[in-house]
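Just so it is clear, none of the values below were taken in a lab; they were calculated from the coordinates. Since the model is a prediction, treat every value here as computed from it, not as a measurement. When we count neighbours, we look across all protein chains shown, and the Cβ atoms used for this are built from the backbone with ideal geometry, even at glycine.
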Amino acid sequence: MNIYIVRHCKAEGQSPEANLTQDGQNQAEKLAEFLLGKNIDGIISSPFARAYQSIYPFAMKSEIKLITDNRLSERILSDENHQNWREMLRNTFIDFELRYDGGESSNGATNRILAVIRDLKNSGLNNVVLVTHGNLMSLLLKHYDNRYGFEAWEALTNPDVYQLNFSGVLSSTVSRIWVE
């Protein structure tokens, strides 16, 4: 099974309703072309507008039903704005139990996205596109390959695509496949 983990295209902001920018819309078209020919048989997206809009052109071209799943929503670091939010985020990649007021710990967010992966592995699908957000994506990558972490999150692009390949029960590989 292959899961193509997609970080959304460039957006106007961070709110759940934030739409793609014009650049983001162009990126979504390029993303669609990139994914065509990969024998995709399922698409699951965060319900956030920027995620859904990033994969919509591919869903239309491939005629695959686009399903949204709240478990793919961006992780909330805190319910307050902090000027040092980057340092706070870095700390959550060191201490997976660390949870700020109104936020979600790295363990909580990781378990949330792993529940989606478990469902996909039992779905009978072979090649699935999973559209999410940078923070949650980085936590998933770290779960399967400890080389990923805060620095990998910083290096993500909009969009970005990683392939998570499961060959056998216990074997998995992670590789970045997006080429701009």
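What number comes out for the charge environment of P16, summing +1 per Lys or Arg and -1 per Asp or Glu over other residues with Cβ under 11 Å away? Intermediate results must be reported in sequence, preceding the final value.
On the way: positive: R50; negative: E17, E74.
Local net charge: -1.
Relative contact order for the chain: what percent, with Cα pairs under 8 Å and sequence separation of 6 or more?
Working: 334 pairs, mean separation 55.1, N = 180.
Worked out over the chain, it gives 31 percent.
List, in order, the whole-Hz ³J(HN,Hα) value for each residue of the range 171-179 obtained from phi through the Karplus relation with A = 6.51, B = -1.76, C = 1.60 and θ = phi - 60°; use x for Gly and Pro.
Taking θ as phi minus 60°, the curve returns 9, 8, 10, 10, 8, 7, 10, 6, 10 Hz for the range 171-179.
Apply the Karplus curve 6.51 cos²θ - 1.76 cosθ + 1.60, θ = phi - 60°, to the phi angles in the range 97-107 and return the couplings in whole Hz, x for Gly and Pro.
8, 4, 9, 8, 3, x, x, 10, 6, 4, 4
For the chain, compute the orientation-averaged projected area of the C-alpha convex hull (one quarter of its surface), in nm².
Working: hull surface 39.2 nm².
Its Cα hull, projected and averaged over all orientations, spans 9.8 nm².
5 Å is the cut-off here: which amide hydrogens, built 1.01 Å from N in the peptide plane, fall below it relative to D160, excluding neighbours closer than 5 in sequence?
Hits under the 5 Å cutoff: R7.
Tell me the mean residue ellipticity at 222 nm calculated for the chain from its helices only (DSSP H runs of n ≥ 4, each -39500 (n - 2.57), averaged over every residue, nearest 500).
Working: 6 runs with 71 residues, N = 180.
After summing the helix terms and dividing by the residues of the chain, the value is -12000 deg cm²/dmol.
Could you sort the peptides 97-105, 126-134 by per-residue average Cβ neighbour count (10 Å cutoff), highest mean leading?
By packing density, highest mean first, the sequence is 126-134, 97-105.
Ranked from highest to lowest mean number of other Cβ atoms within 10 Å per residue, what is the order of the peptides 150-157, 67-74?
So the peptides 150-157, 67-74, ranked by packing, come out 67-74, 150-157.
Can you give the net charge of the other residues whose Cβ lies under 11 Å from the Cβ of A51, counting K and R as +1 and D and E as -1? Write down the numbers at each step before the final one.
On the way: positive: R7, R50; negative: D69, E74.
Once positives and negatives cancel, what remains is 0.
Tell me, what HN-Hα J-couplings in whole Hz come from the Karplus equation 6.51 cos²θ - 1.76 cosθ + 1.60 at θ = phi - 60° for each residue of the range 118-124, using x for Gly and Pro?
4, 4, 5, 5, 9, 7, x
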